[in-house]
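Notes for the one structure printed next.
The values are calculated or read from the model by the stated rules, or taken from the named source; none is laboratory data. What you are looking at is a predicted structure, and each value in this text was computed from that prediction instead of being measured. Methodologically, a virtual Cβ is constructed for each residue, glycine included, from the backbone with ideal geometry; neighbour enumeration extends over all protein chains shown. Only protein heavy atoms, including side chains, enter the accessible area calculation; ligands, DNA and RNA are left aside. Shrake-Rupley method; radii C 1.70, N 1.55, O 1.52, S 1.80 Å.
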Amino acid sequence: MGMAANEEPSAPVRVLYRSLAILNITGALLVMSLLVLINTDALGRTFFSISILGVHEIVEMSLVAIVFLQLGDAVRSGRLTRSDGLLTILDKRMPVVARSMRAFFDLVSVAFLMLIVYGGIPRFIESYQGGEFKGTAQLFTAPEWPVKLTIVVGAIATILAFLVSAWREFRPVARH
Amino acid sequence: MAKVGPVEIGIASIILVVVLIYCGLYVPIALGTVSVIGVWLMRDRLDLAINLLTVSVGDAVGDYNFATIPLFMMMGLLVSKVGIGRDVYDVANDAFRRIRGGLGMGTVAANALFASVTGSSIASASVFTRVSMPEMRRLKYGKRFSVGVVAGSSVLGMLIPPSVMMIIYAFVAEQSVGHMFLAGLIPGVLLAVCFCIGIVLMAHFTPGFVGGVIADDSNPQFSLLQKLHKLAPVLILVVAVLGGIYGGVVTATEAGALGALLALIIGVIKRALSWRDLWDVFVEAGYISATLLFLIIAANMYSRMLGIAGVPTLFSEWLTGMNFGLNELIVVYVVVLIIAGTVLDTASIILIAAPLFMTAVVGFGGDLVWFGVVTVIGAEIGLLTPPLGLSVFTVKSAIDDPSITLYDIFAGAFPFAFIMLLVLIAVIAFPVLSLALI
């Protein structure tokens, strides 16, 4: 990964990385808004007996969104949780095996996320057309479809990040 | 295809998860993929498996209480940036400087204080590598001891509340986050005290390992007022966060939000935060939370899959059939935790191992809050043991000295890992240590 990182990424990869960064920034803004929202609600309730309606619902949906907004960039920067003891040993002794395994694992990840997309698209359509919402009718409601859409978009971005990662495992070899 | 029962599939899936993770597949992907395949084989319907996936993805982390993770992460990152680590170190050092091994004890005490305002050991390890290593090296403390004490005492970060690992366990076991925080307090303080006693003993029996000279008086002494000034931010945060939870004034989530806000205000007052720093904190908190929450989504699928297979119930019955009691069960569990700790991070261990044993623990009359403290300490021993001791790696990457190898840090941290094991045994033997405050 260290070798590949030094290379200038090609144009489509640059576009992908730019998009991942935008998702990432949106996620960070959501994290920031959680801080503001929960504090405003708690302080308002304690000192002025005013509580904001729907804080629980907004927070719950934001958490799911944050995961899928940040996931792609986490994959790009190699921060997804893994135990790389064996891979590190293989890197020195059998580099080709290590690279093949990394690429294979990236492709397994692609398959898994494709299932999320496959299951997520009908859920998005359902929630959009059915007008599904969280909260209590007449008091506070928030539509669910933006979160369902975020899951699908974030998962697709993550798939692309994994594909780039898998492809990069073999680029240094192909050059020789 | 020969008829294979759900239990066999369940057991095979556990083995497959372990093998895949060991080979280096991303932990959440391993858990998620194996769960989908497991449910598919058991029910012979792919649509049910995908349904499980979609439900977990959409609902597993959509819980108000999970907001504690980004919020406490933010608080920890903010206090690290603001230089609170340096301040508590100065005060702790002042108290212990006249004792042999005093700088080591100062590092432990500073870590214990710092732990009460951050939720992660990794933050503690990187802050104190920079703050206390130079001072220990200056006073000729042993190389291995210096790095060992920094890595060792960093585990206090995840035991003394607030603690992200306690939050994660609270969700796995459906316990209150506030209760889990309080349960970690006495064991955390006990561990810090035992580290200090251990340092005194090491300084006495293995002076070559500890090294160090008694501090000269060239360093500035601090007046009581100066010390109070340095400790004020920590005191404010502890009173607001833990006091709020303990007094029942705020929920754990609100305490996290309040703590992060106060840390931000302290940073602004101390003029120690630029806009850039602040933005970095939000991005970093987002990253860490997203990877943790994704892991939780996958672990949620995995434990549902095991539930469908009936593995925890079967495991519990099997243990009863073996004439196992609670004590034998916990011994087996701790061994599993320590072995898992050699290849896995703490969060993954908690999410994978705890659901498997919980049913049996409840069956034997064990308390799940107590079991949580055992789980967190047991899983954290892995932070200090090779080959994948995360605290050790953090110290290594924060250190600017190629002459100190990973091996040195592991060797130096070993006595501290051993002391952790002793404290773990005490926590197991005396559940009151965990349950007294609840």
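Here chain B is treated as a Stokes sphere of Kirkwood radius computed over C-alpha pairs; at 4 °C and 1.567 mPa s its diffusion coefficient rounds to 58 µm²/s. Using the 1.4 Å probe convention, the accessible area of segment B:1-57 works out to 47 Å² per residue with neighbouring protein chains retained. In the elastic network of chain B, a GNM with C-alpha springs shorter than 10 Å, the most mobile of B:VAL57, B:VAL172, B:VAL427 is B:VAL57.
Would you mind classifying the protein assembly as shown by shape? Square roots of the alpha carbon gyration tensor eigenvalues, ordered a ≥ b ≥ c; an a/c under 1.5 is rounded, otherwise it is prolate if a/b is larger than b/c and oblate if not. Because its axes are fairly even, with a/c under 1.5, the protein assembly as shown counts as rounded. Overall form of segment A:115-174: prolate. Here a/c, set by the Cα gyration tensor axes a ≥ b ≥ c, is 1.5 or more, and a/b is the larger of a/b and b/c.
Between A:GLY120, A:GLY72, A:GLY130, the Gaussian network model of chain A with springs among Cα atoms under 10 angstrom shows the greatest mean-square fluctuation at A:GLY130.
When the Cα positions of A:PHE48, A:LEU86, A:LEU63 are compared along the charge dipole of segment A:19-127, A:LEU86 comes out farthest toward the positive end, with charges on each C-beta of Lys, Arg, Asp and Glu. When exposed loop sites are taken as trypsin sites (Lys or Arg not before Pro) in a DSSP loop with at most 15 other Cβ atoms within 10 Å, the longest stretch of chain B clear of them is B:272-438.
Helical runs (DSSP H, four residues minimum) scored at -39500 (n - 2.57) apiece and divided by the length of chain A put the mean residue ellipticity at 222 nm at -28000 deg cm²/dmol. Rounded to whole numbers, the Karplus 3J(HN,Hα) couplings from phi for segment B:405-414 are 8, 4, 4, 4, 5, 4, 5, x, 7, 4 Hz, using 6.51 cos²θ - 1.76 cosθ + 1.60 with θ = phi - 60°, and x at Gly and Pro. When only the Cβ of Lys, Arg, Asp and Glu is charged (+1, +1, -1, -1), the dipole of the protein assembly as shown relative to its Cα centre reaches about 1360 debye. Across segment A:48-56, computed HN-Hα scalar couplings (Karplus, 6.51 cos²θ - 1.76 cosθ + 1.60, θ = phi - 60°) run 10, 6, 10, 10, 7, 6, x, 4, 4 Hz from first to last residue, x flagging Gly and Pro. For B:GLY211, the residues whose modelled amide H falls within less than 5 Å of its own, excluding neighbours fewer than 5 places apart on the same chain, are B:GLY142.
Here chain A is assigned +1 on the Cβ of each Lys and Arg and -1 on the Cβ of each Asp and Glu. Its dipole about the Cα centre then comes out at about 680 debye. Residues whose amide H falls under 5 Å from that of A:LYS134, counting only those 5 or more places apart or on a different chain, are A:ALA142, A:GLU144, with hydrogens built in the peptide plane. Please label the shape of segment B:335-408 as rounded, prolate or oblate, based on the square roots a ≥ b ≥ c of the eigenvalues of the alpha-carbon gyration tensor (a/c under 1.5 means rounded; beyond that, a/b larger than b/c means prolate, else oblate). Note, shape of segment B:335-408 comes out prolate. When chain B is treated as a GNM with alpha-carbon contacts under 10 Å, the residue of B:LEU224, B:LEU384, B:LEU258 showing the greatest mean-square fluctuation is B:LEU224. Spatial offset of segment A:125-143 relative to segment B:250-287 amounts to 32 Å, using the alpha carbon center of each. Considering segment A:46-162, its Cα convex hull presents a mean projected area of 10.3 nm². The accessible surface of segment B:26-177, taken with every protein chain in place and a 1.4 Å probe, is 53 percent carbon and sulfur.
Just name one of B:ALA115, B:GLN175, B:MET73: the one whose Cα is farthest towards the positive end of the charge dipole of segment B:68-195 (beta-carbon charges, Lys/Arg +1, Asp/Glu -1). Result: B:ALA115, furthest along the dipole toward the positive end. So, in Å, what gap is there between the alpha-carbon centers of segment B:23-83 and segment B:106-167? Cα centres, segment B:23-83 to segment B:106-167: 29 Å. For the set B:ASP401, B:ASP94, solvent exposure ranked by accessible area (probe 1.4 Å, protein chains only) runs largest to smallest as B:ASP401, B:ASP94. Projecting the Cα atoms of B:VAL55, B:PHE145, B:ALA257 onto the charge dipole of the protein assembly as shown, computed from C-beta unit charges around the Cα centre, puts B:PHE145 farthest toward the positive end. If you take all other residues with their beta carbon under 14 Å from the beta carbon of B:LEU20, and give Lys and Arg +1 and Asp and Glu -1, the sum is 0. Here the 3J(HN,Hα) profile of segment B:234-244, calculated from phi with Karplus coefficients 6.51, -1.76 and 1.60 at θ = phi - 60°, is 5, 4, 4, 5, 5, 4, 5, 7, 6, x, x Hz, Gly and Pro shown as x. Taking Cα centre as origin and charging only the Cβ of basic (Lys, Arg, +1) and acidic (Asp, Glu, -1) residues, the dipole magnitude of segment B:179-301 rounds to 180 debye.
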